[in-house]
1. Quick test of your reading of the structure: Thr205 fulfils all but one of (1) modelled with pLDDT of 85 or more; (2) under 25 Å from Asn165 (Cα atoms). Name the failing condition by number.
2. Let me confirm something: among Asn76, Asn103, which residue is crowded, with 19+ Cβ neighbours inside 10 Å and within 12 Å of the chain's Cα centre (by Cα)?
3. List, please: which pairs have Cβ atoms under 7 Å, are six or more places apart or on different chains, and start with a residue in the stretch 22-36 that is within 15 Å of Pro211 (Cα to Cα) and end with one that is outside any loop (DSSP other than H, G, I, E, B) and of a type in the set (S, T, N, Q)?
4. Can you say whether Leu192 is over 16 Å from the mean Cα position of the chain (by Cα), of a type outside the set (Ser, Thr, Tyr), more than 23 Å from Phe64 (Cα to Cα) and buried (at least 16 other Cβ atoms within 10 Å of the Cβ), as far as the supplied structure shows?
5. Within the stretch 202-215, can you find the residues that are of a type outside the set (S, T, N, Q) and either buried (at least 22 other Cβ atoms within 10 Å of the Cβ) or more than 16 Å from Tyr77 (Cβ to Cβ) (or both)?
6. Show me the helices (runs of 4 or more DSSP H) entirely contained within the stretch 1-114 in which 2 or more residues are closer than 25 Å to Ser258 by Cβ.
7. Starting from the stretch 221-242, keep only residues that are touching a residue at least 12 places away in the same chain (Cβ under 8 Å), then list their pairs with residues that are charged (D, E, K, R) and part of a helix (DSSP H, G or I) whose Cβ atoms are within a distance under 9 Å, requiring at least 6 positions of separation or different chains.
8. For the stretch 231-259, which positions are under 15 Å from the mean Cα position of the chain (by Cα) and of a type in the set (Gly, Ala, Ser)?
Amino acid sequence: MNLLFYIGVVLIWGTTWFAILFQLGEVDPLISIIYRFAIAAVTLMVYCLLTRRDLRLSLKDHLFMVLLGLFLFSLNYWLFYVAELHLTSGLVAVVFSTMVIWNILFGALFIGTPVRPMVVFGAALGLLGICLVFWPELAALEISDGGVIGLLLSLGATVSASLGNITSARNQIWGIPVIQANAWGMTYGTALMIIVALLGGKEFTFQATIPYIVSLLYLALFGSVFAFGMYLTLIGRIGADRAAYTTLLFPIVALALSTIFEGYRGSAGALVGVALILAGNFMVLKKRKEVASG
C-alpha cells in the first residue's frame, strides 16, 4: 500500500502542472487556488459526514489544524505564486526540492525523528540530480533584485510546506486521522486565502469553460483530496524525510509529459540528473525495506 501511495503521489503531482496551464487566463491564480481548496475541503467534509467520521477536535488540536492550513494549504501556495512572477518554474522546482532537507531538519528538531545517514545521502544525490536536470535555468539565473526576491519567496514557500509536513506528522502521532485533519486544514487554509484575496482587492471571477472546469476539478479532487491524502499518510507511515523525496520525482514526470506534448528534449546532463534522482530514491526507500525485513 505504501508503494502504491508513493507512486500515486508522484504520478498525480507530476501531472498537475499540465492541469494548471488551463487555470491560467481570465481568473487570478490566487482565486483559482481558493476554488481548488474550497472544493477539496467541502468534498472531504461531506465524505466525513456521510461515513460518520468524527470531526470533533479539542481547541488545541484545532490550533494545529489552523497551522496545517496555514503552512500546507495556503501560505506556501501564495508564496510560490508570487515567486513565479520572478523565477522560471524550473528554478522554483529546484528550490522546492530542498524540502527533503528541511523535513529531515524539522523532523529531528520538532518531533524527534532520527537523522538517518542513508536518507541524507540519498537526498543529497537527488538534489544534485535535480540541479543537473534544470542546469540551463540555473546557469541563466541573474542575481538581480527580482531574482533574489523570487529565490527568497520560493525558499519561504518550501519552508512553509515542510512545516506543514511536520505538523501533519505531529497530528498523526496524536492520533488525528489524515482525512479529518485534511478536511479541517483545507477549510482553514481556504479561509486564510480568502482573507488574503479580499485584502489584496482580488476579484472573484470564474471562467465557465470546459478546460478550466475540468482542470479545476482534477486539481481539487486528484491533486488535493487524493494526493495530499496519500502523501500525508506516507509521512505517518514512512516518515516525513522519506516521503518528501517525491518532490524530487514528480518534476521528472512533468518533464516526461513535456517531452510528449511540448517537444522538450533533455540534455546529457539532464539524463545523468534523472539517473542520480532515481539512485537517490532507491537509497532512501531501501532502508525502509531492510527495516521491515529485519
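1. If we test Thr205 against (1) modelled with pLDDT of 85 or more; (2) under 25 Å from Asn165 (Cα atoms), just (2) comes out false.
2. Matching residue, one of Asn76, Asn103: Asn76.
3. As it stands, the answer is Phe22/Ser215; Gln23/Ser32; Gln23/Ser215; Arg36/Ser224, since those pairs meet every condition given.
4. No.
5. Glu203, Phe204, Phe206, Ala208, Ile210, Pro211, Tyr212, Ile213, Val214
6. 2-21, 29-50, 76-83, 89-96, 99-110
7. These pairs meet every condition: Gly223/Arg36; Ser224/Arg36; Leu234/Arg242; Ile235/Arg242; Ile238/Arg288; Gly239/Arg288; Arg242/Lys287; Arg242/Arg288.
8. Passing the criteria: Ala240, Ala243, Ala244, Ala254.
The values are calculated or read from the model by the stated rules, or taken from the named source; none is laboratory data. Owing to the predicted nature of the structure, the values given are computational and were not obtained by experimental measurement. Quick reminder, even Gly has a Cβ in these numbers, built from the backbone with ideal geometry, and neighbours come from all protein chains shown. Ligands, DNA and RNA are excluded from the accessible area calculation, which covers all protein heavy atoms including side chains. Shrake-Rupley method; radii C 1.70, N 1.55, O 1.52, S 1.80 Å.
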